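Take a look at this one; I'll ask things after.
Just so it is clear, none of the values below were taken in a lab; they were calculated from the coordinates. Note that the structure is predicted; figures quoted are calculated from it, not measured. Here the Cβ positions follow ideal geometry from the backbone for every residue, glycine too, while neighbour counts run over all protein chains shown.
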């Protein structure tokens, strides 16, 4: 990966403690899986930011390689990949999600 | 698009011990749901387990499969959560 792109990803990850890379945005998710994760994050009451990969082809491709994860949405807390839609669903069901996003600082 | 049998074969090649349940969610051979139970997931986090599955599917994830709903279990965690 180009160093400039890697830097861009890393600075994005540093910009928000809880960051969701998704299709669309919080208000208008453009994919059912992205919408689900937005809904689950809202339930936790935590503040989170989203990044629309539909409007950012460079990040869309680069992040797949950076995280070794081929699909979106991707949820990051403190710069670490927490998972995609399925994992976030499991974490929400087990009550761990609010701990993971809440305990971050 | 990719045939369900081919998806299953890719998974079984990577995880020879696996129990694989695969469902074509839309009937269009590009939206699948997979449950994979394998001892290969022992000691791995969920993120690592899903990465192993994505790696097994490799090129199939780069176009032929548009969406994959995925659940991974070790044999013991699968026994604990019961059948479905």
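Return B:31, B:50 ranked ascending by Cβ neighbour count within 10 Å, so the fewest neighbours appear first.
By the 10 Å Cβ count, ascending: B:31, B:50.
Sticking with this structure for a sec: What base-10 log of the normalised intensity I(q)/I(0) is obtained for region A:3-102 from the Debye formula, alpha carbons as equal point scatterers, at q = 0.16, 0.20, 0.24 Å⁻¹?
-0.60, -0.95, -1.38
Moving on. What ranking do B:20, A:88, A:38 get, fewest neighbouring Cβ atoms within 10 angstrom at the top?
B:20, A:38, A:88
Another one. Semi-axes, largest first, in whole Å: what does sqrt of 5 times each Cα gyration tensor eigenvalue give for region B:4-81?
So the equivalent ellipsoid measures 20, 13, 11 Å along its semi-axes.
Express the C-alpha Rg of the protein assembly as shown as a ratio against the empirical globular expectation 2.2 N^0.38 Å, rounded to two decimals.
On the way: Rg = 16.5 Å, N = 189, 2.2 N^0.38 = 16.1 Å.
This ratio for the protein assembly as shown stands at 1.02.
Suppose R0 equals 22 Å; then what is the FRET efficiency for residue A:47 and residue A:11 from their Cβ-Cβ distance, rounded to the nearest 0.05?
0.70
Could you work out the pair-distance distribution P(r) of region A:12-71 from its alpha-carbon pairs, with 5 angstrom bin width and percents rounded to whole numbers?
Percent of Cα pairs in each bin: 4, 18, 28, 28, 17, 5, 0.
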